[in-house]
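Reading through the structure tokens given below for one structure.
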Amino acid sequence: MTESGITFYLWLLVAVAAGWLLARYSIKPARRSRRTTSDIYHDYFVGLNYLLRDEPDEAVDTFIRGLEVNGDTFETHLALGTLLRRRGKVDKAITVHQDLLARSGLPSEFGDSVRLELSNDYIAAGLLDRAERLLKELLSDDNPSRWDALAQLVTVYQIEKEWAQAIEMVDQLIQNSRYRREKTLRSVAAHYCCELAEQSLASDNLDQTREYLRKAFQYDRGSARTSMLIAGVELKSGNPERARKELLRVAYSHPKLITEVIPALRKSYLTQADDKRIVEWKKTLTKLLNDHPGSTLLLELVQLVREQEGEAAAEQRLAEGLQQHPSLKACQAMLQLQLDNFSGESRRFLKISVETLQNYLESKPGYRCEQCGFETRKLYWQCPSCQKWDQLNPIRGAEGD
Ligand SMILES: [Zn+2]
């Protein structure tokens, strides 16, 4: 057991001991006849032995069995149930919390605390319908637990991908000043709107898409995903200038996402065959590359130089970029450019090298979650592993961008 684990269980021991003593001295005579002092001490020392043998689950079970439930020990029971859930014993946590809820005579605020914990158990067990039903019981206007219930309902609807309902819960939640300025909640709500916007965009309903995106910006004006979707809508609608404005906003304020906006940004500059726009595009690429060196930007610039100034200029630019920011992608591009300078066996060997490098690069993940380390080749706004939003970023370095 780690040092923090030992500290945790020592605190648990202190908490349970305190609850135990409270129970001991608050037992009414009628109850005392059912459980004697000797019973209580026996259970206490059995639980203690489990703790000393590093078997905390058995210790928790023993304490729960031995500890009388009353107003003084209620919180301890609630916490023990929660501890079971956190240790992955969700079924046991449900049993403990259901048992508490079934007790009559406890004050109503205790009942609400149990409902909140039990709904968390249900969420952990994937029993979302049950969690939803239980939480809805807490939504009356005068119930102090209403806000916690709303926050949990956001989680339920997010897991179910019921984005509209999740947004409805957020709208109620931000009426409370405690949640109104909570950045994470607002950022997540913007993502819910973006999910709906993507569905509308897929069915070419641009007006509805715009409406969802307008709402997304109300939650989070800095949402990169919203800007990127707006750019997509504007490009579809033949407004490259508006699209460019949004994409440049992402490129400058979310540099980690530069690689994601490059194709649309290129389109926004080059849809009109206009020399002035090509010069602007080159200037933008050069500035972005100077500020944030990376192989995607470099190769984009090299491609433009190649089209505008020819092979030799492209090779020169690529060589400079490769020296400033070494990467396998740029190496592979350099070898590819050299292919035409070779023939016969030399060309064949060089081609094998290019293909080997390409296969290797294609086998590598392109994104990593900053929260849990999950790696993938595709960008997800919500990490499929830890479920956190905005945590996947392009992998940088010699084997990445
Ligand atoms: Zn993650």
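Taking first residues from the stretch 387-401 that are in the same structural domain as E370 (by TED's automatic domain parsing) and partners that are near the ligand (Cβ under 7 Å from one of its atoms) and in a loop (DSSP other than H, G, I, E, B), the Cβ contacts under 8 Å between residues at least 6 apart in sequence or on separate chains come to K388/Q371; K388/C372; W389/C383; Q391/Q371; Q391/C372; Q391/C383; L392/F374; L392/C383. Scan (1) surrounded by 14 or more Cβ atoms within 10 Å (Cβ to Cβ); (2) more than 16 Å from the ligand (Cβ to nearest atom); (3) charged (D, E, K, R); (4) not in a loop (DSSP other than H, G, I, E, B) for the single condition E307 breaks and write down its number. Only one criterion is unmet by E307, namely (1). Among the residues of the stretch 352-374, which ones are surrounded by fewer than 16 Cβ atoms within 10 Å (Cβ to Cβ), of a type in the set (D, E, K, R) and within 16 Å of the ligand (Cβ to nearest atom)? Residue satisfying the conditions is E370 alone.
Here the stretch 380-401 is the region considered, the condition is being away from the ligand (no atom under 13 Å from the Cβ) and at pLDDT 90 or above, and the residue that is surrounded by the fewest Cβ atoms within 10 Å (Cβ to Cβ) is I395.
The values are calculated or read from the model by the stated rules, or taken from the named source; none is laboratory data. Because the structure is a prediction, the values reported are computed rather than measured. Cβ: placed from backbone, ideal geometry, glycine included. Neighbour counts: every protein chain shown.
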